[in-house]
1. Running a GNM on the chain with Cα contacts under 10 Å, which residue among L121, L108, L23 ends up with the highest mean-square fluctuation?
2. Got a number for carbon plus sulfur as a percent of the chain's accessible area, 1.4 Å probe?
3. Per residue of the stretch 34-39, what does 6.51 cos²θ - 1.76 cosθ + 1.60 with θ = phi - 60° give for ³J(HN,Hα)? Whole Hz please, x for Gly and Pro, Karplus curve as stated.
4. Quick one: compute the contact order of the stretch 23-70, relative version, from alpha carbon pairs under 8 angstrom and 6+ residues apart, as a percent.
5. Give me the accessible area per residue for the stretch 60-134, probe 1.4 Å, as a whole number in Å².
6. State which entries of K4/K29; K53/K107; K8/K79; K4/K79; K4/K125; K85/K125 exceed 24 angstrom in Cα-Cα distance in the structure shown.
7. Tell me the Rg and the Dmax, in Å, that the Cα atoms of the stretch 56-126 produce.
8. Rounded, prolate or oblate: which fits the chain when a ≥ b ≥ c are the square roots of the eigenvalues of the alpha-carbon gyration tensor, with rounded for a/c under 1.5 and prolate only if a/b beats b/c?
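The values are calculated or read from the model by the stated rules, or taken from the named source; none is laboratory data. The shown structure was predicted, so the numbers you read here are calculated from the model rather than taken from an experiment. Note that we place each Cβ from the backbone using ideal geometry, even for glycine, and neighbour counts take in every protein chain shown. Note: accessible area is taken over every heavy atom of the protein model, side chains too, but ligands, DNA and RNA are not part of it. Shrake-Rupley method; radii C 1.70, N 1.55, O 1.52, S 1.80 Å.
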Amino acid sequence: MNVKVEEKFAGYPKGAQTKLQKLRKLIYKVAEECQITDLEETLKWGEPSYLTKFGSTIRIDWKPSAPKHYAMYFHCQSKLVATFKEVYPHTFHYQGNRAIVLDIKAKLPEKELKHCITLALTYHKVKHLPLLGA
């Protein structure tokens, strides 16, 4: 765990903090299930970020300008969000080609989100496959 990331989480409002901590735990759980041992937690652009050698960076954040939502961000030039839109057209709300936007009051679609996180954390191994092998 990264001290600066801990400080960032501590600064979120309670409701957002709880939801973002769930995303954080889910990212670590997926990394463990995928036997990813080099997952690094850091801040990028002031947002908690998760990096691995064979994956694409995942960032998570809540913003005061959209207090009812929180999001998981992906590299906008990757095929990730386009694939998620194809595989899960009605499960998530999307922000362009860069984010899955989640409602702070809604239940987390954990199974589907785990699949998206898996594709992101293994992106460089699957980016050549149709729909990333989804």
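1. L108
2. Using a 1.4 Å probe with all protein chains present, the chain comes out at 54 percent carbon and sulfur.
3. 8, 6, 8, 9, 10, 4
4. 22 percent
5. Spelled out: the 1.4 Å probe surface of the stretch 60-134, per residue, equals 57 Å².
6. Flagged as over cut-off: K53/K107; K8/K79; K4/K79; K4/K125.
7. 11.6, 36
8. Oblate, since a/c reaches 1.5 and b/c is not below a/b.
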